[in-house]
Amino acid sequence: MPPYQAPAGARFEALDAWRGVCACFVVLFHFHGYSPIYTSPLVRNSYLFVDFFFVLSGFVIAWNYSARLDSWQALKRFLILRVGRVYPLHVFMLFCFVAYETVKLASGAARVAGAQPFTGGTDPVAVLTNLLLVQSLNIHDTLTWNGPSWSISTEWWTYVLFALVAVLVGVRNWMLLAVAIAAPLLLLQLSKTGMDVTYDWGLIRCVFGFALGVACCRIYRGLPVPAQRKLLFGAPGGSTRPAFMTLVELIVVAAVVLFVSFAGKNNWSLLAPFVFSAAVLVFAGEGGAVSRLFRSRPLKWLGQLSYSIYLTHFLVVITVPVLLKRVFHIDLWTPFALATGETVQLYGRDNAQGTLLYLLVLAATLAFSAFTYRWVETPGREWSRRWAGRPMPARAVEPAASSGGQVPSP
């Protein structure tokens, strides 16, 4: 039987929504508010959702381009489209951070606080490495400028690697299997914090998740038409299969939540791409009630903004305390004793205030993201499409599924 092909124009809307929800959890992870949200194990380990972006990116890129990357002309077009997808917003946010650092320098406020502008992670040299998207290739000894953009750097070079392999020799199943085995073993040797590698070994982390995403796409395509439709959507007119798929989706959601909550930064976290691969495979079929919820307008909107949410939120996180202090002339940073005995500084005076501040940061991020999506992301994609010209004919029918990292693509 022929492999399953989604109808032209299909989108993986439930997976888009997954990406938006995961991006919001990354926002919560980076903001340190005086709130039960901060101490939630799910939030404290939400750095792992970047690995969901990598897996999803591999799935969508393979779905859209595996049949098209068969020539150097196709590779050129692919990379132009990828530039238009990831680069305009990355550069825009980099300049926003440079402007913020310049204001700090001009105002003298940073010197009073003891933090010197344009040093450490905001070193001027790092502007060049960020512009070249090499800031996460073990060049620096810390995250630089817009910290979350480390994943954009690794994803870009993963795109290049995928495209070169596809054109030169073709992506083989044994290659994907080799990456799935070698990458976690390599990280096991290199990392003392499990999957929590970014500016140093983040490229290995990205290739790991991306390869599993490509494998998921091959598995999804490989199911014969009748079997796949029955598995994912149930027999025509029946209700048993959708109910079963709803149960499967609930189990997958629970598994993701439990895994992220307890994985921490130990070696168990290296299994994250495998867990997220299961989620991608199940929700690609959109066969249950959870998928229908994820296709609702608010969650589809989050998915649409997911890349902007991911790249804009860090600036919001660091500027909200500064702006509130300037407006209200109060410093809300409060010492908080963790169960481990460590004391951290959290923003807010009590749980209610800290929780409201989380909501404020999330709302401000969404508002800023809506702006950047409309005025930076969309024009960037349109520009790259004009530059790339008309697409080459594909060997198989391809859907117009959305693509990008993190996502696209952290």
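Readers should treat all values here as calculations from the given coordinates under stated rules, not as data from a laboratory. Everything numeric here is computed off the predicted structure, so don't read it as measured data. Cβ: placed from backbone, ideal geometry, glycine included. Neighbour counts: every protein chain shown.
For the chain, the direction-averaged projected area of the alpha-carbon convex hull comes to 21.0 nm².
In terms of overall dimensions, segment 234-305 has a Cα radius of gyration and Dmax of 14.3, 47 angstrom.
Each of K104, K76 has some number of other Cβ atoms within 10 Å of its Cβ, and from fewest to most they run K76, K104.
Positive contributions from Lys and Arg (+1) and negative ones from Asp and Glu (-1), summed over other residues with Cβ under 13 Å from the Cβ of A163, come out at +2. For D331, what charge total do you get from the other residues with a beta carbon under 12 Å from its beta carbon, if Lys and Arg give +1 and Asp and Glu give -1? The answer is +3.
For K104, no aspartates and glutamates have a Cα falling under 13 Å of its own Cα, not counting residues fewer than eight places away in the same chain.
Peptides 58-66, 333-341, 141-149, 183-191 ranked from most to least packed give 58-66, 141-149, 183-191, 333-341, packing being the mean of other C-beta atoms within 10 angstrom over each peptide's residues.
Taking other residues whose beta carbon is less than 13 angstrom from the beta carbon of D16, and scoring Lys, Arg as +1 and Asp, Glu as -1, yields +3.
Loop-located trypsin sites (Lys or Arg not before Pro) in segment 298-342 (DSSP state other than H, G, I, E, B) with a sparse environment of at most 14 neighbouring Cβ atoms within 10 Å are absent.
Taking a straight Cα-Cα cut-off under 26 Å and skipping sequence neighbours fewer than 8 places away in the same chain, the lysines within cross-link reach of K192 are K265.
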